[in-house]
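Asks: This is the structure I have questions about; it appears just below.
Values quoted throughout were computed directly from the atomic coordinates according to the rules given, and no laboratory measurement underlies them. Everything numeric here is computed off the predicted structure, so don't read it as measured data. Cβ sites come from the backbone with ideal geometry, for glycine too, and all protein chains shown count toward neighbours.
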């Protein structure tokens, strides 16, 4: 696609439920990133995927968080047993060449009641 | 561990003023540094990217500089306009990987 696409744009869920957030990167981009932005805060790195290499999961805050990237394209971020502190905007970015410029989607706003 | 700091946290200026936003980083072994703009409720828009071998980049009224030895970058905005009001974020990718760390941002308000 023309840009990074994320869905859903908004998600309201109850505490304890599982949620899945989807990211469709720019076609041909080999690197894909997930960040979390809590209200009024900067971006917190969660995970990145680069080609066929093992992902860097060093930013995932707990084992309730996981992500996968299928076929080197679409990625899904899964949050199990959601907590109120998981409420945030989850942003996805991709980059595709040696320069490494990041391009962001519009984000998925998650609200845990 | 790379840490990125942005000063000031917020800035309010009258229209037409030239201004400078600051970004500092702790590890000088960087691959690139990127400046973004974020409007309320929106994603991030890339403004300028400076590669490790470069000293500055310019786009229109924006100029970004990079001094790796001192761990600093500045974003200069000339002749500010109300439409420049947004949060400006600095992001640093270190060498040896793809991890990119963001500063907390500078919230800019340009008064008409």
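Asks: Can you tell me the length gained on complete extension of the stretch residue A:97 to residue A:84, counting 0.36 nm per residue apart and subtracting the Cα distance?
Replies: So the extension gain works out to 1.0 nm.
Asks: Counting only C-alpha contacts under 8 Å and six or more residues apart, can you give the relative contact order of chain B as a whole percent?
Replies: 38
Asks: Could you state the principal axis extents of the C-alpha atoms in region B:17-80, from the largest down, to the nearest angstrom?
Replies: 31, 26, 17
Asks: Sort out for me the Cα centre separation of region B:41-112 from region A:18-85, rounded to whole Å.
Replies: First find each Cα centre; the distance between them is then 24 Å.
Asks: Need one number: nm distance between label points at residue A:41 and residue B:111, each 7 Å from Cα along Cα→Cβ, rounded to one decimal.
Replies: Using points 7 Å along Cα→Cβ, the separation is 3.2 nm.
Asks: I want to make sure I understand the PRE zone here: with the label point 7 angstrom from the Cα of residue B:42 toward its beta carbon, which residues in region A:73-112 have backbone N atoms less than 15 Å away?
Replies: Within reach of a label on residue B:42, which here means backbone N under 15 Å from a point 7 Å along Cα→Cβ, region A:73-112 contributes A:104-107.
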